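Everything on this sheet refers to the single structure shown next.
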Amino acid sequence: MEHLASAPEAQEEETNAGDVSMKLVAEVAGAVADRDGPLIRHLFADLHPADAADLLEQLSYEQQELIAALAPDVLTGEVLAELAEDTRADFIEVLDPAHIAEAIMELDSDDMTMMVEELEPDVREQVLAGVPDAERERLESSLAFDEETAGRLMQREFVAAPLFWTVGDVIDHMRSKAEDLPDLFFEIFVVDESFRPIGVIAISHLLRAARSTRLEVLMEAPHVVIRPEDDQEEAAYLFEKYHLISAPVVDDAGRLTGMLTVDDMVDVIQEENKEDLLALAGVNDAGLADTVLSSVRSRAPWLFVNLLTAVVASGVIALFDQAISQLVALAVLMPIVASMGGNAGTQSLTVAVRALASRDLTSSNTRRVIWREVATGILNGLIFAIVMAIVAVIWFQSFDLAWVIAVSMVVNLSCAGLAGIAIPVALKHFGADPAVASSVFVTTVTDVVGFFVFLGLGAWVLLPNIG
């Protein structure tokens, strides 16, 4: 009975997997309010870095600032790396550069580069001054590459072995150089005498083989070799296509200089997908620290473009103002035609942008996909043409009006399907980002076509009958 009585209380404390409990958040907030540094350290002691970052992000800026002052040691390199970019920037503003330098030394080189590239130039110099010369040279070498390239993401810690080594040689080497190994890795790279990668061996295969087995027996040719100047989105696509865990990065001479790992590629894929999703709506990623002014500045230009396209659509309506004034049914049903076309266009557009991003839509299958979307629009148009014709007859007792809206529905949904696929493909062909610009053009097409066909047919078919 005692167990049953306590169940509701336990249920109240349950959280979704991966979420930090509100009880813990309240305890940390209380410790901060009491200025209790030791208790703050205790509450963070057993948390995974990702959970610690999640907890910090749920606190106010003032509470975060106090944690940085009272218990800066809870802000380890791994915790800072897990924080959202805007929250990390807030902490970096109040943390001592020496602490940041010490914290990033805990990280692999790819995470170190990510942290350092976000620092303001003056803070970056102070942080780099606290980093050993060898690490500083590696960081500066990574920062020399453009943003969003493989060079910025590559990890310089890796395991490489010459072709003539055996499994035993590799194991002994890794044990003797344990401090130089990556924290987590799944493959070793086999290199030739010029240090060019010629093979890859999964650790699971290595450990199953006898110590005397030569590496050339176990290795497979690398599926992908990446250059540091390659775009990170291209690298992520290769990881997704070939189901890679890691991939070698080589310099101009083909020598192995680093590796990309799947955890970074997952981040890139998520970021690119998020950018495409936000771009379709014409907005940016509003972080917790974004101000009203910054949000307005990022969204207003696209709203202005939408305003211009709306004026064009309104101009089409104005061409038929007399018809609308004489037949109120046109004004009542007109938004339905435009709305259905807009939704159908958005459906096709979403499919097209996703297919372009995943490289599924190519020059070889574009015609087939365009025909599929047009055919889908025609069939959907026929379905809803019948529905709206019945509605028009019941509502307005007019078979002529039913015929007008039925034809308009078929034409607009067909054009919507065509525009939804053809516009992003055309923008991609001319080098524009289809996710950013397509929605405005598709909406304009569906509005203009919908209004023009419906009002034009209405004026042609219905007004003579009224006269």
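The values are calculated or read from the model by the stated rules, or taken from the named source; none is laboratory data. Just so it is clear, the structure is predicted and the values come from calculations on it, not from any experiment. Cβ sites come from the backbone with ideal geometry, for glycine too, and all protein chains shown count toward neighbours.
For region 222-245, which residues satisfy the criterion of being more than 20 Å from the chain's Cα centre (by Cα) and in contact (Cβ under 8 Å) with a residue 40 or more places away in the chain?
Ile226, Arg227, Pro228, Glu229
Here are some residues: Asp447, Asp433. Which one is surrounded by fewer than 21 Cβ atoms within 10 Å (Cβ to Cβ) and touching a residue at least 12 places away in the same chain (Cβ under 8 Å)?
Exactly one residue qualifies, and that residue is Asp433.
Search region 170-203 for residues being outside any loop (DSSP other than H, G, I, E, B) and free of Cβ contacts under 8 Å to residues at least 12 places away in the same chain, and hand back the single one that is surrounded by the most Cβ atoms within 10 Å (Cβ to Cβ).
Asp172
Among the residues of region 395-404, is there at least one that is of a type in the set (Gly, Ala, Ser), closer than 16 Å to Val351 by Cβ and in contact with a Leu (Cβ under 8 Å, 6 or more places away or on another chain)?
Looking through region 395-404, none of the residues is of a type in the set (Gly, Ala, Ser), closer than 16 Å to Val351 by Cβ and in contact with a Leu (Cβ under 8 Å, 6 or more places away or on another chain).
Any residue at all in region 292-304 that is assigned by TED's automatic domain parsing to the domain that holds Gly458, over 30 Å from Asp90 (Cα atoms) and either at pLDDT below 75 or part of a helix (DSSP H, G or I) (or both)?
Yes, that holds for at least one residue.
Within region 73-104, work out how many residues are without any contact (Cβ under 8 Å) to a residue 40 or more places away in the chain and either more than 15 Å from Pro49 (Cβ to Cβ) or assigned by TED's automatic domain parsing to the domain that holds Asp183 (or both).
Matching residues across region 73-104 total 11.
Across region 63-83, what is the total count of residues that are surrounded by fewer than 18 Cβ atoms within 10 Å (Cβ to Cβ) and either at pLDDT below 90 or under 14 Å from Ala31 (Cβ atoms) (or both)?
So the answer is 2.
Quick check on region 100-123: of everything there that is under 21 Å from Ala71 (Cα atoms) and of a type outside the set (A, V, I, L, M), which residue is surrounded by the most Cβ atoms within 10 Å (Cβ to Cβ)?
Result: Glu102.
Find the residue count for region 204-226, including only residues that are buried (at least 19 other Cβ atoms within 10 Å of the Cβ) and either among the charged types (D, E, K, R) or under 24 Å from Phe145 (Cα atoms) (or both).
Selection size over region 204-226: 2.
Mind listing just one residue for me: the one in region 129-162 that is under 26 Å from the mean Cα position of the chain (by Cα) and charged (D, E, K, R) and, of those, nearest to Val191 (Cα to Cα)?
Arg156
Do you know which residues across region 139-156 are in contact (Cβ under 8 Å) with a residue 60 or more places away in the chain and in a loop (DSSP other than H, G, I, E, B)?
Result: Phe145, Asp146, Glu148, Met154, Arg156.
Tell me, yes or no, whether region 407-426 has at least one residue that is out of contact with any helix residue (DSSP H, G or I) (no Cβ under 8 Å at 6 or more places or on another chain) and in the same structural domain as Asn306 (by TED's automatic domain parsing).
Looking for residues that are out of contact with any helix residue (DSSP H, G or I) (no Cβ under 8 Å at 6 or more places or on another chain) and in the same structural domain as Asn306 (by TED's automatic domain parsing), one finds at least one in region 407-426, hence yes.
Mind checking which residues of region 352-398 are exposed (fewer than 13 other Cβ atoms within 10 Å of the Cβ) and not in a helix (DSSP H, G or I)?
Matches in region 352-398: Arg359, Asp360, Thr362, Ser363, Ser364, Asn365, Gln397.
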